[in-house]
Amino acid sequence: MALNRREFAATVFGTSASLLAHRFAIAQAAPLITKKIPSSGEGIPVIGLGTARRYETMKNAEELGLLRDTLREFKTLGGTIIDSSPTYGTAEAVIGTITEELKIRDGLFLATKVSISGREAGINQIEQSFKSLKTSRIDLIAVHNLRDTTVHLKTLRDLKAAGRIRYVGITTSFENQYKNFEETVRRETLDFIQIDYALDNRNAGERIIPLANDRGMAVMVNLPFGRGRLFHAVQGKQLPDWAAEVDCKTWAQFFLKYIVSHEGVTCAVPGMAQVKYVPDNLGAAQGRLPDAAMRKRMESFIDGI
Ligand SMILES: NC(=O)c1ccc[n+]([C@@H]2O[C@H](COP(=O)([O-])OP(=O)(O)OC[C@H]3O[C@@H](n4cnc5c(N)ncnc54)[C@H](OP(=O)(O)O)[C@@H]3O)[C@@H](O)[C@H]2O)c1
């Protein structure tokens, strides 16, 4: 995305000098790397935004303002995918309110979940998601943590057939669900799976992600930083010089580029509730991505800490 001086000044007004420099760099750089959703061929940026925890308990206008700035920045820099859930407290309502205020719904890919037992309860929860997100179409709804999967998949397929949602999926972030999750991936026809995968949590990359890939499913990665665990692991450490070979300028980019360079991964949704994280994390969707040898080097590095 190329900006002229005036557009640049208008876009960046009110932000700090380092953020401005970072943002200018990303705005001038190549567009975000995209990957295709196998079931449709639609391309989506490899980095999205997760709304667990930080979007869950909005208490006042000041807190909402910080998230508004974050989502505005995300959209301005080319981000599209926002992942939420009706179980994330105020998150869906926050997204709905802000996207309506900023008038940015059309450019976004909204993903949420159904997370309750029972057919009727599931339908009610999904209808509430449409209301909270203030939209007539949700891009992706996934069954959360395999809760009543068969029942909800039927509802979701009906909604897809009616054109109210575009994609259907399932999620987990618990290793003790992997066996059941894998069986579900083998059995069901799905557009997406969502699973936890990180540089220090690589199990899903061995079997489930390749299996989903073979079955023609897109893979959205949750907990890409292990809920911040990876940042703690490298606290006080310098990014290795060789990280520059794949255009990593920060630890966040190091961790995210590892994930999205897995050939079966379509996108990752890091939790992002601060404006300064947006250009940093979206920077992982630009420049060179690690090849197999570099991925091994990254793994050895983190294993050695
Ligand atoms: N089963 C499921 O369906 C499931 C389960 C878990 C998560 N999810 C989805 O996955 C998303 C991601 O998970 P998560 O948010 O829990 O964990 P995460 O993305 O692994 O880590 C978030 C943490 O990383 C920090 N962070 C983000 N960007 C940073 C940057 N550029 N530099 C430094 N620190 C940075 C955040 O800092 P702050 O502390 O400052 O905010 C936060 O502590 C969720 O938001 C949700 O959408 C789905």
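The values are calculated or read from the model by the stated rules, or taken from the named source; none is laboratory data. For clarity, every value in this text was computed on a predicted model and none was experimentally measured. All Cβ positions, even for glycine, are placed from backbone atoms using ideal geometry, and neighbour counts span all protein chains on display. The protein model used for the area step is the full one, side chains on, heavy atoms only, and it has no ligands, DNA or RNA in it. Shrake-Rupley method; radii C 1.70, N 1.55, O 1.52, S 1.80 Å.
Here is how the numbers come out for the structure above:
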{"quantity": "Failed criterion for residue 243 (all others in (1) without any contact (Cβ under 8 Å) to a residue 24 or more places away in the chain; (2) surrounded by fewer than 19 Cβ atoms within 10 Å (Cβ to Cβ); (3) in contact with a Phe, Trp or Tyr (Cβ under 7 Å, 6 or more places away or on another chain) hold)", "calculated": "(2)"}
{"quantity": "Members of the range 276-305 found to be open to solvent by 30 Å² or more (accessible area, probe 1.4 Å) and either within 16 Å of the chain's Cα centre (by Cα) or near the ligand (Cβ under 9 Å from one of its atoms) (or both), listed by number", "calculated": "276, 277"}
{"quantity": "Check on residue 171, closer than 30 Å to residue 296 by Cβ, within 14 Å of the ligand (Cβ to nearest atom), crowded, with 16+ Cβ neighbours inside 10 Å and in contact (Cβ under 8 Å) with a residue 24 or more places away in the chain", "calculated": "yes"}
{"quantity": "Candidate set from the range 174-190 (those that are within 15 Å of the ligand (Cβ to nearest atom) and part of a loop (DSSP other than H, G, I, E, B)); member that is most open to solvent (accessible area, probe 1.4 Å)", "calculated": "174"}
{"quantity": "The lone exception for residue 22 - which of (1) of a type outside the set (A, V, I, L, M); (2) modelled with pLDDT of 85 or more; (3) in contact with a Pro (Cβ under 8 Å, 6 or more places away or on another chain) it fails", "calculated": "(2)"}
{"quantity": "Qualifying residues in the range 135-168 (those that are among the charged types (D, E, K, R) and either under 20 Å from the mean Cα position of the chain (by Cα) or within 16 Å of the ligand (Cβ to nearest atom) (or both)) - the one farthest from residue 89 (Cα to Cα)", "calculated": "166"}
